Amino acid sequence: MCFGNHIYTNKNILLVTQHRKEKAIGPLFENELGAKITVSQTIDTDQFGTFTKIKKRKKSQRITAKNKAKLGIKKYNYDIALASEGSFFKHPLTGLAWNVELVCLIDRKRKIEIYGIYESADTNADSGYIFDQAGLEKFIEKSGFPSHHIIMRPDHSKYKKNIHYVNREELLLPSFEYCLNQSRKKRVFIETDMRAHANPTRMKNIQKATEKLIEKIHCQCPQCHMIGYSLIEKVKGLQCGSCGQASELILKYIYKCQHCGYVEEKIYPEGRYAPMMYCYHCNP
Ligand SMILES: [Zn+2]
Ligand SMILES: [Zn+2]
């Protein structure tokens, strides 16, 4: 499907964001789909949860993004809306900081929702306690400050007053000293600011998730031609090349259309047989 005759060409799409995500999402939608992006100015997206624990996110990442977009549709009476949601955690296998970015498109008239997801170890996500200027400098060095902002507060991560969002060199020391003075335990909780506008690395990952979303928008159902036709499941159980039993490798991909329900299976998408090392029987 090429630019010029796409269903979103010249369509108005609302982007729900308070943190300048239009910088990552807007140009891709405008250049690749010819859509017109309008940014919602008045929806408080922090009500869905914040990284600073001021407001805890209650729903999953996917549901939260979807709810933001749906609120935009309702409030501004748009047919199509975009929203995004990120998460940061330690990767269960590597223990390294990990970022999952998700951008979702809701199309009310077509009754479809499409998600672009991008995962990366490329993040500065970090937090800890500091007690003196040397600790501050050490943290700052690996955080990427000042292009990447930081946050400081007295005592601990759940302290809800005196939160200092630091975006400039000259605010660094005064903020640290203020938080230290306010602290009962004589320590400061410091963290990287993960809000999109305060974190260019995260912004780049949001852009990658947007590219994934656009790939899915380009993908049409072979039966009804609705957009957003996509992989919904990877089924394990590829036959072992040695003993013939089912292994933990992928046997087939399942694609499904949200609109007409058409289902397609692509068998052996990653090869015909599994090497012995992936077999429960040959390599228990
Ligand atoms: Zn279909
Ligand atoms: Zn085997």
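Rule-based calculations on the coordinates, nothing more; no lab input. Note that this is a predicted model, so its numbers are computed, not measured. Cβ sites come from the backbone with ideal geometry, for glycine too, and all protein chains shown count toward neighbours.
Structural remarks
- Taking a ≥ b ≥ c as the square roots of the Cα gyration tensor eigenvalues, the chain comes out oblate, since a/c reaches at least 1.5 and a/b does not exceed b/c.
- Helix-only mean residue ellipticity at 222 nm for the chain, each DSSP H run of n ≥ 4 adding -39500 (n - 2.57), per residue, nearest 500: -8000 deg cm²/dmol
- Mean Cα-pair separation over length for the chain, i.e. relative contact order, pairs under 8 Å, 6 or more apart, %: 14
- The relative contact order of the stretch 231-278 comes to 39 percent, based on Cα pairs under 8 Å that sit 6 or more residues apart.
- The overall shape of the stretch 12-123 is prolate: from the C-alpha gyration tensor, with semi-axes ordered a ≥ b ≥ c, the ratio a/c is 1.5 or greater and a/b exceeds b/c.
- Inverse of mean 1/r across different Cα pairs in the stretch 127-192, Kirkwood, Å: 11.4
- Qualifying trypsin sites (Lys or Arg not before Pro) in the stretch 80-187, DSSP loop, other Cβ atoms within 10 Å at most 14: Lys109, Lys111, Lys158, Lys160, Lys161, Arg168, Arg184, Lys185, Lys186
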